[in-house]
Structure formats: C-alpha cells, structure tokens
1. Here is a list of conditions, (1) in contact with a helix residue (DSSP H, G or I) (Cβ under 9 Å, 6 or more places away or on another chain); (2) over 19 Å from PRO23 (Cα atoms); (3) assigned to a loop (DSSP other than H, G, I, E, B), and ILE285 meets all of them except one; can you say which number that is?
2. Is region 103-110 home to any residue that is of a type in the set (Ser, Thr, Tyr) and within 25 Å of the chain's Cα centre (by Cα)?
3. Go through region 80-107 residue by residue and tally those that are open to solvent by 50 Å² or more (accessible area, probe 1.4 Å), within 14 Å of ligand 2 (Cβ to nearest atom), in a loop (DSSP other than H, G, I, E, B) and in contact (Cβ under 8 Å) with a residue 24 or more places away in the chain.
4. Could you list, in sequence order, all residues of region 54-75 that are open to solvent by 10 Å² or more (accessible area, probe 1.4 Å) and away from ligand 2 (no atom under 16 Å from the Cβ)?
5. Could you list, in sequence order, the residues of region 108-134 that are within 18 Å of THR21 (Cβ to Cβ) and open to solvent by 60 Å² or more (accessible area, probe 1.4 Å)?
6. From (1) farther than 29 Å from SER165 by Cβ; (2) in a loop (DSSP other than H, G, I, E, B), pick out the condition that doesn't hold for THR205.
7. Name the residue that is farthest from ILE142 (Cα to Cα), counting only residues in region 245-273 that are within 10 Å of ligand 1 (Cβ to nearest atom) and either within 21 Å of the chain's Cα centre (by Cα) or free of Cβ contacts under 8 Å to residues at least 24 places away in the same chain (or both).
8. Only residues that are open to solvent by 30 Å² or more (accessible area, probe 1.4 Å) and of a type outside the set (D, E, K, R): list them for region 250-259, please.
Amino acid sequence: MNDADYMNFALDLARSGLGQTSPNPAVGAVLVKDGQLIGMGAHLKAGEPHAEVHAIRMAGDKAKGATLYVTLEPCSHFGKTPPCSDLVILSGIRKVFVAVTDPNPKVAGTGIERMRKAGIEVEAGLLEQKARELNKVFFYNIQTGLPYVTLKSAVSMDGKTATVSGESKWITGEEARIDVHHFRHQHDGILVGVNTVVKDDPALTTRLPSGGKNPVRIILDTYLRTPIKSRMLTDGESPVWIVTGGETPPGQEAPYREAGAEILRMESPEISIQEMLAILGKRGITSLFVEGGAEVHGSFLKERAFQQIITYIAPKLVGGKEAPASFGGTGIEKINEAVNLTIKQVDFVGSDLRIIAEPK
Ligand SMILES: NC(=O)c1ccc[n+]([C@@H]2O[C@H](COP(=O)([O-])OP(=O)(O)OC[C@H]3O[C@@H](n4cnc5c(N)ncnc54)[C@H](OP(=O)(O)O)[C@@H]3O)[C@@H](O)[C@H]2O)c1
Ligand SMILES: [Zn+2]
C-alpha cells in the first residue's frame with residue numbers, strides 16, 4: 001500500500017457517508033504506522049464526530065508518530081464538535097496527507113496552518129480531483145449558498161417518457177428504479193411539478209431494501225391546486241413544501257397548512273426557478289433532485305439552473321408524435337444555443353443505461 005492507496009481507502013470510507021452528512025461534507029480518514037493500519041473512520045452525520053476523531057480514537061496511544069490520510073482538511077473551528085486539527089496535534093501524529101483544503105471560509109487553510117505550526121509535516125493535494133468530485137455538492141453549496149441541482153429522467157430509446165396514451169409505468173426496469181432510490185437517499189430535497197402530483201400521486205420517499213433517508217418533498221404549484229387528499233399530504237413520511245405564486249389568495253393556504261405542509265410564497269406571480277432555489281438554499285437544502293415532469297424540466301433548462309443530469313435509457317421503443325419527451329417548455333430554437341453537456345459516466349443498471357452528465 002502506498003500513499004495514494006491509503007488515500008483511496010479514506011475516499012471509500014468518505015463515500016459511505018455520502019448524502020447523509022448534510023450540511024457537512026462526507027469525510028474519511030485512515031491512520032497508518034510502520035506499514036500497519038491502526039485507525040480509520042468516516043463522518044456519518046452532522047453533529048456526530050468527524051472522521052479524524054473516529055480514526056484517532058481507534059488508534060489510541062498508537063497514534064503517536066503515525067501518518068494520517070484525510071480526504072478534507074481537518075477543521076480548525078469550534079462547531080458542534082471541538083477542532084480536529086487540535087486533536088491531531090495532541091495525539092502526536094507526525095505526518096498528515098490532506099486531499100483537498102476546506103472551502104468553508106471558517107476553515108480555508110487554517111487547519112493545515114495550525115498543524116504545521118505545531119511541527120507536523122502536512123502534504124496537501126493528494127488525489128485532490130477525486131476528493132473534490134466526491135464532495136461536489138458540498139463545494140457548490142458552500143460557494144453559492146444554492147442547492148446543487150440534479151435533473152433525473154427516464155426515457156425509452158426514442159426519448160419518450162410515456163406512450164401516446166400517457167402510460168409511463170414502467171419505462172425502465174426494476175434495477176433502475178431502485179437506483180433512483182439511492183439518489184433520493186443522498187438528497188436533501190426532491191422536487192416535482194403539480195401536474196405530476198395530480199396525475200401520478202407519487203410518494204417521493206426513499207424505499208431501499210435497507211431503508212434510507214427521505215428527502216423533503218417540494219411541489220411547484222403556482223395556484224395551489226395540489227389535491228388535499230394526495231399521498232404526500234396524508235402519509236406523514238417526510239415534510240412537504242409547496243412553492244406557490246405571489247398572487248395566490250392567502251386564504252387558500254389554510255387546508256394545506258392543516259395537512260402539515262409548508263407554503264413557500266414567491267415574490268412574483270409566477271414561480272421563478274432561481275428565486276425558488278435561493279429560498280431553498282436559505283432553508284438548508286444543499287442538494288435537490290428534480291424528478292419532473294417535462295414542464296418542470298423545461299423550466300430548469302430554460303433558466304440553465306442545474307449542475308447535473310441523470311438519464312436512464314430503456315431498451316424500448318414506443319414512437320408516437322404526441323408521446324411525451326422528458327423536456328417540455330418552449331425549448332431552445334437554435335442548435336448553437338443548446339446546452340452542451342460533458343458525459344461523466346455511463347453504466348448499465350440492469351438492462352437499462354444510465355448516463356450522468358454535467359453542463360459545460
Ligand atoms: N417518466 C418519468 O420519469 C416521469 C417523471 C415525472 C413525471 N412524469 C410524467 O409527467 C407528467 C406530468 O408532467 P407535466 O410536464 O405535464 O407537468 P409537471 O412538470 O409535473 O408540472 C408542471 C406544472 O407545474 C407548475 N409549475 C409551477 N411553476 C413552474 C415552473 N416554474 N416551471 C414549470 N412548471 C411549473 C405548472 O402548473 P401551475 O401553472 O398550475 O402551477 C405546470 O403546469 C405526468 O404524466 C407524469 O406521469 C414522468
Ligand atoms: Zn473536524
């Protein structure tokens with residue numbers, strides 16, 4: 001095992017907590033001495049010990065003289081827990097490899113500085129790109145205050161989300177549908193348009209064989225026409241926020257509030273995606289999973305308001321001029337004005353294809 005191997009192991013540990021540490025990043029740490037693994041840890045949940053704390057506790061007295069591999073700069077401020085850089089110093093660790101410095105302005109290099117001042121040899125930047133990619137949601141959110149937006153769609157090979165008669169259950173196979181639940185687990189918020197609620201009455205919960213964490217469910221509904229008997233308003237599984245236009249009569253809100261939903265009222269009569277994202281960011285939504293329908297996707301496209309798109313393509317053909325595609329709205333007129341994407345990953349999920357791309 002060389003330094004990169006140990007850091008890769010720390011990145012794997014970090015990955016295990018991905019999506020459940022919000023608003024904190026996912027972090028992993030590995031402690032090594034004389035070629036032996038003596039401690040390891042991952043940050044699992046905000047408010048709980050940081051990765052370094054777990055690794056150092058596991059090593060006990062053996063930490064003295066050891067080398068620490070940590071995927072993010074150890075913190076230097078008193079948050080919900082005392083600073084890890086102090087603990088690293090106290091434990092007698094001799095050398096620290098840091099994959100990437102913490103973009104949080106409260107830390108930003110000061111953790112490294114503290115350890116160096118105490119005589120610890122610190123090397124920053126080992127597997128930095130990989131560490132940044134792993135925490136891309138955290139980096140984006142801390143720098144913009146906005147949620148990192150992922151658009152999800154599921155289409156046939158001819159790009160349709162349903163048949164001409166509107167039947168859409170199920171275009172993709174079971175494995176792909178389970179895969180979607182892994183992404184739900186990793187997100188703070190999930191969003192759909194009111195037409196999807198009216199037509200499909202979805203639960204939008206995370207249903208993995210092992211359970212999982214439910215995101216906050218968000219509905220775009222300018223005129224408050226979400227059916228009061230809809231599943232989301234009656235199942236009590238996770239919070240429901242209904243985003244509504246600025247001119248909806250306030251009297252219409254009462255039944256929704258009684259059903260436990262929160263109403264987020266926009267300034268303008270229509271729902272501007274950018275205005276809504278700023279509000280969600282202020283309310284602590286660091287990541288948003290947008291599941292459609294086509295009109296909602298069309299709006300996110302028009303406002304260029306997304307950081308990632310995940311498309312599942314099923315080996316099926318449905319045809320039909322009137323069969324819906326995954327993006328509606330008014331669309332882009334000129335091909336040279338199209339949103340250009342970089343494909344980051346292509347995988348088979350069961351017999352479907354999953355493409356993950358980001359705007360250039
Ligand atoms: N295959 C899939 O993956 C998938 C996923 C989701 C949905 N679907 C299907 O998609 C169909 C519904 O899609 P849809 O395109 O008709 O409707 P939609 O996108 O679910 O909802 C659109 C509605 O949301 C409201 N809205 C409020 N603010 C908006 C904004 N800024 N941008 C866009 N919409 C906004 C509008 O109604 P108001 O003006 O009344 O507010 C609009 O008509 C359903 O049949 C569902 O089965 C398929
Ligand atoms: Zn810490």
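The values are calculated or read from the model by the stated rules, or taken from the named source; none is laboratory data. Please read these numbers as outputs of a predicted model, since none were measured by experiment. Cβ placement follows ideal geometry from the backbone for every residue including glycine, while neighbour counts extend to all protein chains displayed. Ligands, DNA and RNA are stripped out before the accessible areas are found, and what is left, the full protein with its side chains, is counted by its heavy atoms. Shrake-Rupley method; radii C 1.70, N 1.55, O 1.52, S 1.80 Å.
1. Unmet for ILE285, out of (1) in contact with a helix residue (DSSP H, G or I) (Cβ under 9 Å, 6 or more places away or on another chain); (2) over 19 Å from PRO23 (Cα atoms); (3) assigned to a loop (DSSP other than H, G, I, E, B): (2).
2. Here is the first cut: in region 103-110, the residues of a type in the set (Ser, Thr, Tyr) are 110.
In the following step, the residues that additionally are within 25 Å of the chain's Cα centre (by Cα) were identified as none.
No; the residues of region 103-110 include none that is of a type in the set (Ser, Thr, Tyr) and within 25 Å of the chain's Cα centre (by Cα).
3. Number satisfying all stated conditions: 3.
4. GLY60, ASP61, LYS62, LYS64, GLY65, THR67
5. Across region 108-134, the qualifying residues are LYS130, ARG132, GLU133.
6. (1)
7. First pass over region 245-273, keeping only residues within 10 Å of ligand 1 (Cβ to nearest atom): 245, 248, 266, 270-273.
Subsequent filtering for residues that are either within 21 Å of the chain's Cα centre (by Cα) or free of Cβ contacts under 8 Å to residues at least 24 places away in the same chain (or both) retains 266, 273.
Numbers: MET266: 24, ILE273: 19 Å.
Ranking the qualifying residues of region 245-273, first place goes to MET266.
8. Listed by number, the residues that qualify are PRO250, GLY251, GLN252, ALA254, PRO255, ALA259.
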